[in-house]
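Working notes, beginning with the structure itself.
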Amino acid sequence: TKSPQTENLVLFWHDHFATGFSAVNDQAISIARQHITIRQHASGNFRHFLKAIIRDPAMLNYLDNNSSKKSAPNENLARELLELFTLGEGFYQETDIKNIARALTGYTSNWFLNGEFMFNQYQHDTGNKIVFGKEGPFDGDDVIDLILEQPQSARFIATKLWHWLVSAQAPPDTLIDRLADVFRQSDYDIKTLYEALLLSDEFWSAEHRNGLIKSPVSLIVGTVRGSGIVPDNWQVIPNQLKQLGQHLFEPPNVAGWPGGKAWITPSRLLNRMEWLKQFAQGCINCGDSTDMTGMMQGGSMMSASPVQPEAAGNAMMGGSSADTLLLHMASEEFDGPVKYRVTVSADDMLLWTSGERSLEGGHDTRRFGRARAPAGLPWRDVHFALPEHARRFTTIEIDFLNDKQQRGADRNLYLKHASFNQQHYAAEQGEQTNTCPRRKRSTGGVMLCNGKLRLIKQTSVEPAAAPDSTESLVASAVYLKSAQPANKNRKRAVISYAMTDVSLATQRWHRLAANVHSINQGSTYQLLLKRNDCWPQCFTRWPQCSANEVNQNRWVLELEANYQNQCAYRKLANTDQKLIDALILRLSEVHQHAASTKKLNRQVVHDNYQSWSSHLNNIHHRVGASSRKALAPELQIKPSQMSALHTPSGASARKPHAAGNTVPANQRVMQLFADEHQLRHAGELLLPGVSDAPSELTDILTHLSYQLH
C-alpha cells in the first residue's frame, strides 16, 4: 500500500472494536463487512463510526445483541460500548448500562437475508430511559449522542491513540486535555485528532522514543517494508503472526490484544528472534528487487525452490515455455522440507525423471501448526525444462517420498495442477494412491502420506456433462438453527433447520430455513417458511391463500397425508412444490444432517434436538413418507471446497539470479537501501539512536532495540 498509516489506523480500530472470527461461528461475510466498515470510517467521523458499529452484524452477533429484546435486554453490547469503546471504567453507572441495553433492543441481523442489519421494531423498547441523567425514549443513535456529550469520551480515544502510536507510559494530562478539546471541536473528526497528535511536541520528544514494543504485525510487516525484502514464504505470514500472539481477525477477547509486555513473554521473544534470524539468513534467494504490491495481487510465489547445482538445466525460474513442465505446488514442512520426484512417461516407457528434489520454503507445522486452509499455504510454480524426447509424454507422476508426522505436526505435499505446452492437468482429475490409513486417505492433489499422483494426458477434452440436479435438492450444509420444547409459556414445540448454498433444478438459494411446529402435544404438525428466512425469496411466487392472508410474511402447511391438496401447496410453482416435497418427505434426513451443528455441543440444545425424534416419526407416518419418498427430490450434501490461490505461470515470477553474481541478495538490497538514504549502512536507520549500530542484516534485526519503536 502507498498509505501504511491508513492500514495502521484500520488495525487500530480492529483492535479497538475487537471481534473474533470463530466467536461469530466463522461467518466470514460478517467479518469482511465489518472490515469494510472499519476501513470506511477509520479516518472519518467517530460519531458516525459508533452509529455504524451498533448496526454491525458481526458486533451484534459477537456481543449477543441479536437476542436482545424488550422483554429480556442483553447488556453485553451496552457494557462494552461504555467500558471499552468510548469512556472506560468508572465513568458510568450500572443504571446507564441497563437503560442503554433497553435502547439497543431490536438491533439485530438476519443471516437468511444476506446477513444484513435488521431493526426489529416489535422487539424494541420504546419506553423512556434515563441515561447520564437525561430521560427520553432513546434509541441507539440517541445513546451515541449522549455518550459523546461526556467529556471523558474524547479523552478516552485520545489516550488510546497515544498508547497505540507513542508510548505505553501514561500521556501528559496537558496533552490529553489539548487533544480532547481539538477532537470535540471538530465534532469528533478522527483525522483531526490524528494530525494533532502527530504535530505535538510530545510526539517528537526524544523522551518518548522507543516507548512501544512492536506488535507482531509491526515486527513482521514492518521488517518486510523496512528492508525491502519479501520472503519466499510470504503466504504463511498470517500463521507466523498467530504463533507470535497476534492472530488477525481473532483477538483473544472483546478487549483486543493486551499488547505491551505481553508481546515479549520469554517464549514469544525467542520465537520473534528466531523469525528475524531466519528472515535475515534465509533471504539469499531473494531477487535483485521486489514489488510487494504486484506480488500480493498476483497471488503467486515470487520464486520456485532453489535450483540444485546438479539439476541445472532440469529446472528454471520465470515464465513457462513450450519445453517447460510447470507444477503448481505447496508443502507443509516438519523437521525438514518435502522431498518429491517427478517422472514423465509414454506407454509405460520412462522418458525423463527429475530425481529426488526438495520443495523448500514450506509452511513449518512444528512451529505454526497445520495451515488453516489451502489458500494459506506457500504456493509456487516450479518449472522443469524437458529434453526434446520427453515432450511426447502421456503421463506425469509426482511421488511424495518422505512423509513424517507427530501429534500436532505433519509433513505434507499439495499439488493443484500441472501444465505443459498450454495443456492443463488438474490434480483433482488425477489418480492418487498413498500409504495412509483409510481414515486419512485423500485425493485431489492433497498428499498426506507417501504416495503417488498420476496425471494422464487427454487426447481430446470433452466438456463435462452438467449433473442432472432436477430431482436433487443440493446443499453445502444443513444445520440446526434452533430447537424449543413445548412448556407452560410456549404451547408448541418448534425446531428450525437451516441450509446453505441450496439448489433445485433452476432455483438457487444462498440460505434457506424451514421450521416445523408441533401443536396440541403432537396432535398437529405444521411446516412454516418465513420470507426473512430465505435469500433470495423462498418461492417463485408467494401463494395467495386464506391461511396466508393474515400474515403475508409466513407460509404455513399442515403436515398430513393430503398436504398436496392444500391451497398453500397447490398454488406454488412446480419447482417450489418439489422443494416442499423434499423438505417434508426427506425430513428425517434433514434432521440427521443437522446433527453436525456446533450448537449441539450445548447440552440443552442437544436434549431439545433429541426430543424431536419421536415427533419426526409421527410426521413420517402422518404424511406417508415411506411410500411417497420416491416422488421427492433426493437430498445431497456437497460441502463447498476452498480452492488454493492460483496465478497463470509467469505472473509475478522472480527473475533468476544473474550468472556469476555471488553477493547474497539481502546484502545487495540492504546496500541499495543505505545508499538511497545516504547512510553508511542500513543499521543507522533501522536502529535509530543506537550508537555504533551493526551493519549486517542478521545483527540489525536481532538487536534488542529492534523490538522497539
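Screening the stretch 96-125 for residues that are among the hydroxyl-bearing types (Ser, Thr, Tyr) and either in contact with a Lys or Arg (Cβ under 8 Å, 6 or more places away or on another chain) or buried (at least 16 other Cβ atoms within 10 Å of the Cβ) (or both) and picking the one that is nearest to LYS530 (Cα to Cα) gives SER109.
Exactly one condition in (1) open to solvent by 50 Å² or more (accessible area, probe 1.4 Å); (2) under 25 Å from the mean Cα position of the chain (by Cα); (3) at pLDDT 90 or above is false for GLY408; which is it? Failing condition for GLY408: (3). Restricted to helices (runs of 4 or more DSSP H) entirely inside the stretch 574-626, those with at least 1 residues that are open to solvent by less than 20 Å² (accessible area, probe 1.4 Å) and charged (D, E, K, R) are 574-585. Scanning the stretch 493-551 for residues that are assigned to a strand (DSSP E or B) and either open to solvent by 60 Å² or more (accessible area, probe 1.4 Å) or hydroxyl-bearing (Ser, Thr, Tyr) (or both) yields a total of 12.
Scanning the stretch 39-55 for residues that are more than 18 Å from PHE183 (Cβ to Cβ) and crowded, with 22+ Cβ neighbours inside 10 Å gives a single hit, ILE54. In the stretch 377-409, how many are of a type outside the set (A, V, I, L, M, F, W, C), more than 21 Å from PRO231 (Cβ to Cβ) and either in a loop (DSSP other than H, G, I, E, B) or touching an Asp or Glu at 6+ places or on another chain (Cβ under 6 Å) (or both)? Selection size over the stretch 377-409: 6.
Each residue in the stretch 177-212 was checked for being open to solvent by less than 40 Å² (accessible area, probe 1.4 Å) and under 16 Å from LEU687 (Cα atoms), and 3 pass.
If the condition is being over 31 Å from the mean Cα position of the chain (by Cα) and either among the hydroxyl-bearing types (Ser, Thr, Tyr) or assigned to a loop (DSSP other than H, G, I, E, B) (or both), then the stretch 427-442 contributes THR433, THR435.
Only one of the numbered conditions (1) farther than 19 Å from LYS160 by Cα; (2) touching a residue at least 60 places away in the same chain (Cβ under 8 Å); (3) open to solvent by 10 Å² or more (accessible area, probe 1.4 Å); (4) polar (S, T, N, Q) is violated by SER67, and that is (2).
Of all residues being surrounded by fewer than 16 Cβ atoms within 10 Å (Cβ to Cβ) and at pLDDT 90 or above in the stretch 11-38, which is farthest from the chain's Cα centre (by Cα)? Just the residue, please. Break it down into steps so the answer makes sense when it comes.
Within the stretch 11-38, the subset surrounded by fewer than 16 Cβ atoms within 10 Å (Cβ to Cβ) is 22, 25-26, 28-29, 32, 36.
Okay, now just the ones that are also at pLDDT 90 or above, so 32, 36.
Working: ALA32: 8, ILE36: 14 Å.
Checked the stretch 11-38; the qualifying residue farthest from the chain's Cα centre (by Cα) is ILE36.
Hey, PRO252 hits all of (1) in contact with a helix residue (DSSP H, G or I) (Cβ under 8 Å, 6 or more places away or on another chain); (2) under 30 Å from ASN76 (Cα atoms) but one; which does it fall short on? Of everything listed in (1) in contact with a helix residue (DSSP H, G or I) (Cβ under 8 Å, 6 or more places away or on another chain); (2) under 30 Å from ASN76 (Cα atoms), PRO252 misses just condition (1). Taking the numbered list (1) open to solvent by less than 40 Å² (accessible area, probe 1.4 Å); (2) modelled with pLDDT of 85 or more in turn, SER442 passes all entries but (2). Counting only helices (runs of 4 or more DSSP H) that sit completely within the stretch 124-231, those holding 2 or more residues that are of a type outside the set (Ser, Thr, Tyr) and closer than 29 Å to GLU250 by Cα correspond to 140-148, 151-165, 190-198, 216-227.
The values are calculated or read from the model by the stated rules, or taken from the named source; none is laboratory data. The shown structure was predicted, so the numbers you read here are calculated from the model rather than taken from an experiment. Quick reminder, even Gly has a Cβ in these numbers, built from the backbone with ideal geometry, and neighbours come from all protein chains shown. These area figures cover heavy atoms from the full protein model, side chains too; ligands, DNA and RNA do not enter into them. Shrake-Rupley method; radii C 1.70, N 1.55, O 1.52, S 1.80 Å.
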